[in-house]
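The values are calculated or read from the model by the stated rules, or taken from the named source; none is laboratory data. Model, not experiment: these values are computed from the prediction. Here the Cβ positions follow ideal geometry from the backbone for every residue, glycine too, while neighbour counts run over all protein chains shown. Calculation scope for accessible area: heavy atoms of the full protein, side chains included, ligands and nucleic acids excluded. Shrake-Rupley method; radii C 1.70, N 1.55, O 1.52, S 1.80 Å.
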Amino acid sequence: MNTVTLSVASREEVTRRALAAFEGKTQGAHHSFASPDLLWQTFTRKRWDLIQAMTGQGVMSIREAARRVGRDMKAVHGDVQALLAAGVIRKEGRGIVFPFDAVHVDFMLTKAA
(Lines give C-alpha, C1' and ligand atoms only; values in the text may rest on other atoms or scores of the structure.)
Protein backbone atom coordinates (compact mmCIF):
# COMPACT_ATOMS: atom_id res chain seq x y z
CA MET A 1 0.00 0.00 0.00
CA ASN A 2 1.30 3.45 -0.95
CA THR A 3 0.85 5.46 2.28
CA VAL A 4 1.78 9.05 3.11
CA THR A 5 2.35 10.16 6.69
CA LEU A 6 1.17 13.63 7.62
CA SER A 7 3.01 14.75 10.72
CA VAL A 8 3.91 17.60 12.98
CA ALA A 9 7.68 17.61 13.13
CA SER A 10 10.48 19.95 14.10
CA ARG A 11 13.05 21.12 11.57
CA GLU A 12 15.53 18.81 13.29
CA GLU A 13 13.26 15.78 12.80
CA VAL A 14 12.77 16.59 9.12
CA THR A 15 16.53 17.00 8.71
CA ARG A 16 17.13 13.69 10.51
CA ARG A 17 14.76 11.89 8.12
CA ALA A 18 16.42 13.53 5.11
CA LEU A 19 19.91 12.52 6.26
CA ALA A 20 18.73 8.96 6.89
CA ALA A 21 17.25 8.87 3.38
CA PHE A 22 20.58 10.04 1.94
CA GLU A 23 22.19 7.11 3.77
CA GLY A 24 19.81 4.77 1.93
CA LYS A 25 17.42 4.16 4.82
CA THR A 26 13.83 4.01 3.59
CA GLN A 27 11.72 6.76 5.14
CA GLY A 28 8.44 6.41 3.31
CA ALA A 29 6.41 9.35 2.05
CA HIS A 30 6.06 12.19 4.57
CA HIS A 31 4.49 15.60 4.52
CA SER A 32 5.47 17.47 7.69
CA PHE A 33 4.10 20.61 9.29
CA ALA A 34 5.79 22.78 11.91
CA SER A 35 2.71 22.83 14.17
CA PRO A 36 -0.75 21.26 14.50
CA ASP A 37 -2.19 24.70 13.63
CA LEU A 38 -0.43 24.66 10.25
CA LEU A 39 -1.59 21.11 9.58
CA TRP A 40 -5.23 22.03 10.27
CA GLN A 41 -4.96 25.31 8.31
CA THR A 42 -4.00 23.21 5.30
CA PHE A 43 -6.44 20.37 5.95
CA THR A 44 -9.72 22.13 6.60
CA ARG A 45 -12.74 19.86 6.88
CA LYS A 46 -13.67 20.36 3.21
CA ARG A 47 -10.09 19.83 2.00
CA TRP A 48 -9.89 16.67 4.10
CA ASP A 49 -13.10 15.46 2.38
CA LEU A 50 -11.48 16.25 -0.96
CA ILE A 51 -8.33 14.28 -0.08
CA GLN A 52 -10.47 11.37 1.08
CA ALA A 53 -12.34 11.39 -2.24
CA MET A 54 -9.05 11.48 -4.19
CA THR A 55 -7.17 8.82 -2.17
CA GLY A 56 -6.31 5.87 -4.38
CA GLN A 57 -8.35 7.21 -7.31
CA GLY A 58 -5.63 8.31 -9.73
CA VAL A 59 -5.78 11.40 -11.90
CA MET A 60 -9.09 13.25 -12.07
CA SER A 61 -10.41 16.58 -13.20
CA ILE A 62 -11.41 19.27 -10.75
CA ARG A 63 -14.95 18.84 -12.05
CA GLU A 64 -14.87 15.15 -11.12
CA ALA A 65 -13.39 15.92 -7.69
CA ALA A 66 -16.18 18.46 -7.08
CA ARG A 67 -18.79 15.91 -8.13
CA ARG A 68 -17.36 13.32 -5.74
CA VAL A 69 -17.54 15.66 -2.75
CA GLY A 70 -20.88 17.19 -3.79
CA ARG A 71 -19.58 20.75 -3.95
CA ASP A 72 -19.46 23.65 -6.38
CA MET A 73 -16.54 23.41 -8.82
CA LYS A 74 -15.40 26.98 -8.12
CA ALA A 75 -15.15 26.31 -4.36
CA VAL A 76 -13.29 23.04 -4.95
CA HIS A 77 -10.94 24.85 -7.33
CA GLY A 78 -9.92 27.17 -4.47
CA ASP A 79 -9.22 24.18 -2.21
CA VAL A 80 -7.27 22.46 -4.98
CA GLN A 81 -5.10 25.56 -5.38
CA ALA A 82 -4.36 25.60 -1.64
CA LEU A 83 -3.47 21.88 -1.64
CA LEU A 84 -1.29 22.32 -4.72
CA ALA A 85 0.53 25.25 -3.07
CA ALA A 86 1.13 23.11 0.04
CA GLY A 87 2.50 20.28 -2.10
CA VAL A 88 -0.16 17.84 -0.94
CA ILE A 89 -1.60 17.13 -4.38
CA ARG A 90 -0.07 17.68 -7.78
CA LYS A 91 -1.07 18.41 -11.35
CA GLU A 92 -0.71 15.57 -13.76
CA GLY A 93 -1.54 16.15 -17.39
CA ARG A 94 -4.86 17.98 -17.47
CA GLY A 95 -5.93 16.71 -14.06
CA ILE A 96 -4.95 16.54 -10.43
CA VAL A 97 -3.80 13.60 -8.34
CA PHE A 98 -3.27 12.64 -4.73
CA PRO A 99 -0.85 9.78 -5.45
CA PHE A 100 -1.44 7.71 -2.31
CA ASP A 101 -3.71 4.83 -1.34
CA ALA A 102 -3.75 5.68 2.36
CA VAL A 103 -3.04 8.53 4.76
CA HIS A 104 -1.57 8.20 8.24
CA VAL A 105 -1.71 11.27 10.51
CA ASP A 106 0.93 11.32 13.25
CA PHE A 107 1.32 13.91 15.98
CA MET A 108 1.17 14.01 19.73
CA LEU A 109 -0.92 16.36 21.84
CA THR A 110 0.47 17.07 25.31
CA LYS A 111 -0.81 19.04 28.27
CA ALA A 112 -0.43 22.80 28.16
CA ALA A 113 2.54 24.27 30.03
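The phi torsions of segment 44-57, fed into the Karplus equation with coefficients 6.51, -1.76 and 1.60 and a -60° offset, translate into couplings of 5, 3, 5, 5, 4, 4, 5, 4, 4, 5, 8, 4, x, 9 Hz, rounded to whole numbers, with Gly and Pro shown as x. Across the chain, C-alpha contacts under 8 Å between residues 6 or more apart give a mean separation that, scaled by the residue count, equals a relative contact order of 36 percent. Bridge orientation summary for the chain: considering DSSP beta bridges with both residues in this region, about 30 percent are antiparallel. Short-range pairs are left out: with C-alpha atoms under 8 Å and at least six residues apart, the relative contact order of segment 34-88 is 36 percent. Rolling a 1.4 Å probe over the heavy atoms of the protein chains gives the chain an accessible area of 66 Å² per residue. If you sort the three axes of the alpha carbon gyration tensor as a ≥ b ≥ c, you get a/c under 1.5 for segment 42-96, which makes it rounded. Each part gets one Cα centre, and for segment 42-113 versus segment 1-27 those centres are 21 Å apart. Distances between placed amide hydrogens fall under 5 Å for ILE89 paired with LEU84, all partners being 5 or more residues away or on another chain.
For VAL8, VAL59, the ranking by accessible surface with the largest value first comes to VAL59, VAL8, using a 1.4 Å probe. Heavy-atom accessible area for GLU13, with the other protein chains in place and a 1.4 Å probe, reaches approximately 60 Å². Summing charges over neighbours of GLY58, with a neighbour being any other residue whose Cβ is under 11 Å away from its Cβ, gives -3 when K and R count +1 and D and E count -1.
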